[in-house]
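*Asks:* I have a structure I would like to understand better, so I am pasting it below and will then ask my questions one at a time.
Each value in this text was obtained by applying a stated rule to the coordinates, not by laboratory testing. Quick caveat: nothing in here was measured; it's all calculated off a predicted structure. All Cβ positions, glycine included, derive from the backbone under ideal geometry; neighbour counts span all protein chains shown.
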Amino acid sequence: MSLIAIGCCGAYCGTCLALTDGACLGCRLGYDTGERDINKAKCRIKVCCIRKLGTACTCADCADCLFCATLQGLYGKNGYKYKKYRQSLEFMRTRGYDCFLQAASKWKGAYGKLP
C-alpha cells in the first residue's frame, strides 16, 4: 500500500499529473529523509499531520480528526470537493487505505464515488 497517492486531508492524488510527473512531491515525500523541511511547509493540515503522526499516516489515523479545527476549516469551505475529501477520510477510517485506493483507482480526479 502506498500513501503517496493520498493527501493528508483525504484528497486522492493518484490522478494528479504534477505528482505522477514528479513536479509535486505530495504530502509526505522527503520529510522523513530531511530533503524537505516541515517548518517551511505552507499547508497547515500537512504540518499538523506529519508533526503529530509522522509521514506514514494521514489525518484518517488521528483520533482527533473528526473534531480537528484545522480540518474543519478546510471542510467548511464552499465547494463540493471539500465535502468529498471529508467523506474520503471517513471512508479510510472505517474501511482502510487498501479499500480506499481500490475505489479511488477508478477516479478521474482528486475525489469520486465511494462504495
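*Asks:* Ordered by residue, what ³J(HN,Hα) values in Hz, to whole numbers, does segment 36-48 give under the Karplus form 6.51 cos²θ - 1.76 cosθ + 1.60, where θ = phi - 60° and Gly and Pro are x?
*Replies:* Ordered by residue, 3J(HN,Hα) equals 10, 9, 4, 5, 9, 5, 8, 7, 5, 5, 4, 4, 4 Hz.
*Asks:* Ranked by Cβ crowding within 10 angstrom, fewest neighbours first, how are 100, 91 ordered?
*Replies:* 91, 100
*Asks:* Return the single residue from 61, 37, 98 with maximal mean-square fluctuation; model: Gaussian network over the chain, springs between Cα atoms under 10 Å.
*Replies:* 37
*Asks:* So what J values fall out for segment 65-76 if you push phi through Karplus, 6.51 cos²θ - 1.76 cosθ + 1.60 with θ = phi - 60°, rounded to Hz, Gly and Pro as x?
*Replies:* 4, 6, 10, 5, 5, 5, 5, 4, x, 6, 5, x
*Asks:* So how do 90, 35 line up by other beta-carbon neighbours within 10 Å, fewest first?
*Replies:* 35, 90
*Asks:* Please turn the phi angles of segment 11-23 into ³J(HN,Hα) values with the Karplus equation 6.51 cos²θ - 1.76 cosθ + 1.60 (θ = phi - 60°), one per residue in order, whole Hz, x for glycine and proline.
*Replies:* Residue by residue, segment 11-23 yields 5, 9, 9, x, 9, 7, 5, 4, 6, 5, 7, x, 6 Hz.
*Asks:* Give me the one-decimal Kirkwood hydrodynamic radius in Å for segment 16-115, with the sum taken over alpha-carbon pairs. Numbers along the way, then the final one.
*Replies:* On the way: mean 1/r = 0.0684 Å⁻¹.
Across segment 16-115, the inverse of the average 1/r is 14.6 Å.
*Asks:* Which cross-chain or sequence-distant (5 or more) residues have an amide H under 5 Å from the amide H of residue 6, H modelled 1.01 Å from N in plane?
*Replies:* Under 5 Å from the amide H of residue 6 lie the amide H atoms of 13, each far enough along the sequence or on another chain.
*Asks:* Please find, in a Gaussian network model of the chain (springs between Cα atoms separated by less than 10 Å), the residue of 81, 52, 42 whose mean-square fluctuation is greatest.
*Replies:* 42
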